[in-house]
Amino acid sequence: MTGQVRTPWQDSISSLRGGVVVSCQAASGSPLDQPAFIAALAQSAERGGAVGFRVNGPANTGAVRAVSDLPIIGIRKVLQPDGGIVITPTLDDALTVVDAGASIVALDATKGRHAGLALAGIVDALHVRGIGVMADIATAAEAGDALAAGVDLVATTLAGYTPTTSHLDPGEPAFDLLREIRDLPVPVVVEGRIWTFEHVARCFDGGAYAVVIGSAITAPEQITRRFVAAVPGKGDGAPRG
């Protein structure tokens, strides 16, 4: 459109459209929980056609940036006193992954994590640095609040993982939430509990801009556990996400 200003982060976001972003992470204590192995997962995913990565922490982000030019959605998971984890709660946390090479930063935008002005302030500060912002949300209302704060993408990452959404089916993506927010004026990304080819197809049929897939690709323990659960006598025969 004539006169429309293209933001510095628009190319990164545009390159995700219609693609699979691979979350290259490893649980604490996993044999893969080392930057070199995270980078190897990212290289393998890129060979398979991934359009970008989601990576936790500056060390891992830097390791992935050293081996790939694809967009990185950087996060920093911060352990809270109550044992919970918040995704990139402060600007300082965000800047650690930006300095390491993240193209986009994902923030926890669920209710109570940030006051509206605090979230908007982080978004503005990252925009000044030419970095796009993804809001990890769990409800349509949170998506609306994140949009008002100026985010560039909204992801269903935390649907099913907050007190008000814990009732959601643990075996499938947040399809109902996608239907509620698919018409937002920013890209809507589906992340969480994507385990099958059918899940991916349903996400895009339902209006997803992109999908983020983690455990189904990069968590050998969980992948193996699902197959083992299908063995007679080893499980209930119905492995779930």
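The values are calculated or read from the model by the stated rules, or taken from the named source; none is laboratory data. Here the structure is a predicted model, which is why all the values come from computation and not from measurement. Please note: Cβ atoms are built from the backbone with ideal geometry, for glycine as well, and neighbour counts cover all protein chains shown.
Quick check: is even one residue across the range 164-178 buried (at least 17 other Cβ atoms within 10 Å of the Cβ), within 22 Å of A94 (Cβ to Cβ) and not hydroxyl-bearing (S, T, Y)?
Within the range 164-178, none of the residues are buried (at least 17 other Cβ atoms within 10 Å of the Cβ), within 22 Å of A94 (Cβ to Cβ) and not hydroxyl-bearing (S, T, Y).
Looking only at the range 129-182, count every residue that is aliphatic (A, V, I, L, M), under 15 Å from the mean Cα position of the chain (by Cα) and outside any helix (DSSP H, G or I) and tell me the total.
12
Given (1) modelled with pLDDT of 95 or more; (2) assigned to a loop (DSSP other than H, G, I, E, B); (3) over 18 Å from Q25 (Cα atoms); (4) charged (D, E, K, R), where does R193 come up short, assuming only one miss?
(3)
Being more than 25 Å from V51 (Cβ to Cβ) and not charged (D, E, K, R) narrows it down to one residue among A155, A149; which is it?
A149
Tell me whether the range 212-230 contains one or more residues that are surrounded by fewer than 18 Cβ atoms within 10 Å (Cβ to Cβ), of a type in the set (G, A, S) and at positive phi.
No, the conditions are met nowhere in the range 212-230.
Within the range 113-153, how many residues are within 17 Å of S103 (Cβ to Cβ) and either basic (K, R) or surrounded by 14 or more Cβ atoms within 10 Å (Cβ to Cβ) (or both)? I'd like the intermediate steps shown before the answer.
Initial filter on the range 113-153 (within 17 Å of S103 (Cβ to Cβ)): 122-123, 125-136, 151-153.
Those left that are additionally either basic (K, R) or surrounded by 14 or more Cβ atoms within 10 Å (Cβ to Cβ) (or both): 122-123, 125-127, 129, 131-136, 151-153.
Residues in the range 113-153 being within 17 Å of S103 (Cβ to Cβ) and either basic (K, R) or surrounded by 14 or more Cβ atoms within 10 Å (Cβ to Cβ) (or both): 15 in total.
The rows are residues; the columns are (1) out of contact with any Gly (no Cβ under 7 Å at 6 or more places or on another chain); (2) under 22 Å from D99 (Cβ atoms); (3) surrounded by fewer than 17 Cβ atoms within 10 Å (Cβ to Cβ).
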position	(1), (2), (3)
L32	yes, no, no
A50	yes, no, no
N60	yes, yes, no
L70	no, yes, no
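Among the residues of the range 156-165, is any among the aliphatic types (A, V, I, L, M) and either modelled with pLDDT under 95 or within 26 Å of R179 (Cα to Cα) (or both)?
yes
May I ask you to list the residues in the range 10-30 that are at pLDDT 95 or above, touching an Asp or Glu at 6+ places or on another chain (Cβ under 9 Å) and not polar (S, T, N, Q)?
Residues satisfying the conditions are I13, V21, V22, A26.
Answer yes or no as to whether H114 is modelled with pLDDT under 95 and not aliphatic (A, V, I, L, M).
yes
Surrounded by fewer than 18 Cβ atoms within 10 Å (Cβ to Cβ), among the aromatic types (F, W, Y) and more than 17 Å from the chain's Cα centre (by Cα): is that true of F197 in this structure?
Values: surrounded by fewer than 18 Cβ atoms within 10 Å (Cβ to Cβ): yes; among the aromatic types (F, W, Y): yes; more than 17 Å from the chain's Cα centre (by Cα): yes.
Yes; evaluated as a whole, the condition is true for this residue.
Hey, does the range 94-110 have a residue that's assigned to a helix (DSSP H, G or I), touching a Ser or Thr at 6+ places or on another chain (Cβ under 8 Å) and of a type in the set (D, E, K, R)?
No.
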